[in-house]
1. List the residue pairs whose Cβ atoms are under 6 Å apart, where the first residue sits in the range 255-282 and is closer than 23 Å to Ser143 by Cβ, the second is crowded, with 22+ Cβ neighbours inside 10 Å and aromatic (Phe, Trp, Tyr), and the two are 6 or more positions apart or on different chains.
2. Give the residue, chosen from Leu306, Leu257, Leu209, Leu224, that is within 20 Å of Ile163 (Cα to Cα) and touching a strand residue (DSSP E or B) at 6+ places or on another chain (Cβ under 8 Å).
3. Got at least one residue in the range 270-288 being within 22 Å of Arg253 (Cα to Cα), open to solvent by 40 Å² or more (accessible area, probe 1.4 Å) and assigned to a loop (DSSP other than H, G, I, E, B)?
4. Residues being in contact with a Leu (Cβ under 7 Å, 6 or more places away or on another chain) and either open to solvent by 30 Å² or more (accessible area, probe 1.4 Å) or more than 13 Å from Thr185 (Cα to Cα) (or both): count how many of those fall in the range 225-240.
5. Return yes or no: is Asp63 of a type in the set (Asp, Glu), touching a helix residue (DSSP H, G or I) at 6+ places or on another chain (Cβ under 8 Å) and over 22 Å from Arg255 (Cβ atoms)?
6. Answer yes if at least one residue in the range 160-176 is within 30 Å of Ala249 (Cβ to Cβ), over 18 Å from the mean Cα position of the chain (by Cα), hydrophobic (A, V, I, L, M, F, W, C) and part of a loop (DSSP other than H, G, I, E, B), and no otherwise.
7. Could we say that Val216 is buried (at least 22 other Cβ atoms within 10 Å of the Cβ) and either under 30 Å from Ile289 (Cβ atoms) or touching a residue at least 60 places away in the same chain (Cβ under 8 Å) (or both) here?
8. Can Arg250 be described as open to solvent by 30 Å² or more (accessible area, probe 1.4 Å), in contact with a strand residue (DSSP E or B) (Cβ under 9 Å, 6 or more places away or on another chain), in contact (Cβ under 8 Å) with a residue 12 or more places away in the chain and not hydroxyl-bearing (Ser, Thr, Tyr)?
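The values are calculated or read from the model by the stated rules, or taken from the named source; none is laboratory data. Only a predicted model underlies this, so the values are computations on that prediction, with no experimental measurement involved. Please note: Cβ atoms are built from the backbone with ideal geometry, for glycine as well, and neighbour counts cover all protein chains shown. Quick note on the areas: whole protein, heavy atoms, side chains included, nothing else; ligands and nucleic acids left out. Shrake-Rupley method; radii C 1.70, N 1.55, O 1.52, S 1.80 Å.
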Amino acid sequence: MPTRRDLFPPIEPYRTGHLRLDARHVMYWEESGNPRGRPVLFLHGGPGAGATAVHRRFFDPADWRIVIFDQRGGGRSTPLGETHDNTPELLVADIEALRRELGIGRWAVFGGSWGSTLALLYAQAYPQRVAGLILRGIFLCRSSEIDWFLGGMCTVFPEAWRIFAGFLPEAERGDLLAGYYQRLTDPDPAVHMPAARAWSVYEGACSTLLPNPETVAAFGEDRLALGLARIEAYYFRHHLIPPERDLVARIGRIRHLPGVIVQGRYDMVCPIRSADELARGWPEAEYIIVRDAGHSAMEPGIREQLVLAADRAKRW
């Protein structure tokens with residue numbers, strides 16, 4: 001039969017659960033597909049965006065044991081939007097805790113955008129637990145990438161950026177991150193929710209090559225907007241990866257692992273420069289540039305390449 005080139009049909013989990021991580025945080029997780037299949041872990045973006053049902057559909061359910069969870073502060077994990085006890089190191093530890101909870105020895109790891117960051121962090125910390133990596137829309141969590149997101153994107157999406165910046169009083173527009181962070185961490189929903197929607201809709205509006213009202217509407221939904229905006233602003237302010245722990249500089253830890261890097265040529269949220277640098281540092285990885293796509297995993301060309309990559313990963 002020909003290789004499938006688009007998402008698999010919708011499926012439901014065969015098992016779900018909640019894993020207590022500490023006194024504050026509880027992680028939502030689920031498994032779908034084949035309980036005896038090859039394990040694959042899906043890491044959502046953001047940070048804070050949470051996973052959705054469509055993320056199960058990148059994988060052949062006859063072959064894969066599909067593990068999905070919502071990271072601290074995101075999606076169905078609780079508390080939603082919680083920044084206390086929320087660091088990259090703790091997220092890596094959470095992945096290991098989930099692996100042990102599910103009794104998995106090694107798994108393929110699939111992550112896009114912030115999910116690519118977390119996948120690299122996890123693989124570099126626990127290479128013996130990773131069968132291989134499928135990465136999309138590379139984000140290396142560097143200050144230059146944050147500067148682009150908060151300001152540089154106005155060169156391509158000036159209309160969206162004007163709305164994003166214009167949410168703040170003119171006196172605060174010299175430091176958008178500070179202005180948004182103050183509001184996003186305010187306990188009053190009347191303060192933090194409008195800021196969360198403005199931040200999240202900005203990201204959604206810039207995520208596709210062609211305008212996509214459905215994407216923008218999804219980014220404006222309360223749970224996604226709050227988790228995404230608050231946790232992103234918090235990480236951008238407090239948890240950028242320092243040069244001594246740079247993900248490309250430490251790539252030697254995982255160069256022996258199989259990898260696929262899928263990048264939209266016109267990705268404005270995570271520009272191709274980061275993917276290109278990662279691919280040059282990891283020449284053994286397969287590097288696929290989708291010529292007619294932006295950032296979103298749901299764009300046709302990105303979707304196709306991710307499904308095909310997951311199919312090839314069955315050999316890992």
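1. These pairs meet every condition: Cys270/Phe139.
2. Answer to the check: Leu209.
3. Taking every residue of the range 270-288 in turn, at least one turns out to be within 22 Å of Arg253 (Cα to Cα), open to solvent by 40 Å² or more (accessible area, probe 1.4 Å) and assigned to a loop (DSSP other than H, G, I, E, B).
4. Quick first cut of the range 225-240, residues in contact with a Leu (Cβ under 7 Å, 6 or more places away or on another chain) only: 226-227, 229-230, 233, 236-237.
Among the residues that remain, those that are also either open to solvent by 30 Å² or more (accessible area, probe 1.4 Å) or more than 13 Å from Thr185 (Cα to Cα) (or both) are: 230, 236-237.
Within the range 225-240, residues that are in contact with a Leu (Cβ under 7 Å, 6 or more places away or on another chain) and either open to solvent by 30 Å² or more (accessible area, probe 1.4 Å) or more than 13 Å from Thr185 (Cα to Cα) (or both) number 3.
5. In short, yes.
6. No - not one qualifying residue is present in the range 160-176.
7. no
8. Numbers: open to solvent by 30 Å² or more (accessible area, probe 1.4 Å): yes; in contact with a strand residue (DSSP E or B) (Cβ under 9 Å, 6 or more places away or on another chain): no; in contact (Cβ under 8 Å) with a residue 12 or more places away in the chain: yes; not hydroxyl-bearing (Ser, Thr, Tyr): yes.
Spelling it out, it is not the case that Arg250 is open to solvent by 30 Å² or more (accessible area, probe 1.4 Å), in contact with a strand residue (DSSP E or B) (Cβ under 9 Å, 6 or more places away or on another chain), in contact (Cβ under 8 Å) with a residue 12 or more places away in the chain and not hydroxyl-bearing (Ser, Thr, Tyr).
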